[in-house]
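Asker: There's a structure below that I have some questions on.
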């Protein structure tokens, strides 16, 4: 499914934000549109005025509770593809489609290819702003990790991530570890 998501993001010009809990964070680590920092940091650095006019959300609602409000403030039409439940806590999604995500991504990719749609200027500007915000955040996190003495939490997370073989799945227990991993792994060499 990572390959399908990568192709769709490229075709649409949509930046990819994947929390550590989704496994896409690690599978798409080298994709040029992959934002490798936690969503809360991105939301602080990118104005809702710069947001794309469309957001495509896959799977569960992000752990970051700020996302729903940010998406609502942006005025973007939000489309949700999910296999289970209804990940739309504020009831603001324009469409919620339930079904197999891999199949859905395949159908979307074919439809986009058939109409030869190119990302528009606002979409390209949003992706650029989001990725620039990510780079700035990565610099700050790198500086903080460099100041940690001994084996602190951030260093431990980076060591674990670097030791995992390709294709490994890392199970995180609840929302705080997800946030910690997202914050720290923005600078891990593996990612």
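The values are calculated or read from the model by the stated rules, or taken from the named source; none is laboratory data. This one's a predicted model, so the numbers in the text were calculated from it and none came from an experiment. Here the Cβ positions follow ideal geometry from the backbone for every residue, glycine too, while neighbour counts run over all protein chains shown.
Asker: Kindly indicate the residue of segment 86-129 that is more than 13 Å from residue 57 (Cβ to Cβ) and part of a loop (DSSP other than H, G, I, E, B) and also modelled with the lowest pLDDT among those meeting that condition.
Answerer: 117
Asker: Could you please give the count of residues in segment 74-84 that are outside any strand (DSSP E or B) and modelled with pLDDT of 80 or more?
Answerer: If we filter segment 74-84 for residues that are outside any strand (DSSP E or B), which is where we start, we get 74-76, 83-84.
Restricting the remaining residues to those that are modelled with pLDDT of 80 or more gives 75-76, 83-84.
Matching residues across segment 74-84 total 4.
Asker: Out of the residues in segment 158-176 that are over 20 Å from residue 138 (Cβ atoms) and outside any loop (DSSP other than H, G, I, E, B), state the one that is modelled with the highest pLDDT.
Answerer: Of everything passing the filter in segment 158-176, 163 is modelled with the highest pLDDT.
Asker: Could you tell me which of the residues 109, 169 is within 19 Å of the chain's Cα centre (by Cα), surrounded by 14 or more Cβ atoms within 10 Å (Cβ to Cβ) and touching a residue at least 12 places away in the same chain (Cβ under 8 Å)?
Answerer: Working: 169 fails: surrounded by 14 or more Cβ atoms within 10 Å (Cβ to Cβ).
The match here is 109.
Asker: Let me ask something else. What's the number of the condition residue 39 fails, among (1) modelled with pLDDT of 75 or more; (2) touching a strand residue (DSSP E or B) at 6+ places or on another chain (Cβ under 8 Å); (3) buried (at least 16 other Cβ atoms within 10 Å of the Cβ)?
Answerer: For residue 39, the exception is condition (1).
Asker: Within segment 122-136, how many residues turn out to be under 17 Å from residue 74 (Cα atoms) and surrounded by fewer than 16 Cβ atoms within 10 Å (Cβ to Cβ)?
Answerer: Counting residues in segment 122-136 that are under 17 Å from residue 74 (Cα atoms) and surrounded by fewer than 16 Cβ atoms within 10 Å (Cβ to Cβ) gives 4.
Asker: Give the number of residues within segment 58-102 that are under 23 Å from residue 121 (Cβ atoms) and surrounded by 13 or more Cβ atoms within 10 Å (Cβ to Cβ).
Answerer: Here is the first cut: in segment 58-102, the residues under 23 Å from residue 121 (Cβ atoms) are 70-71, 73-79, 94.
Of the ones still in play, those that are also surrounded by 13 or more Cβ atoms within 10 Å (Cβ to Cβ) are 70-71, 73-74, 76-79.
Counting residues in segment 58-102 that are under 23 Å from residue 121 (Cβ atoms) and surrounded by 13 or more Cβ atoms within 10 Å (Cβ to Cβ) gives 8.
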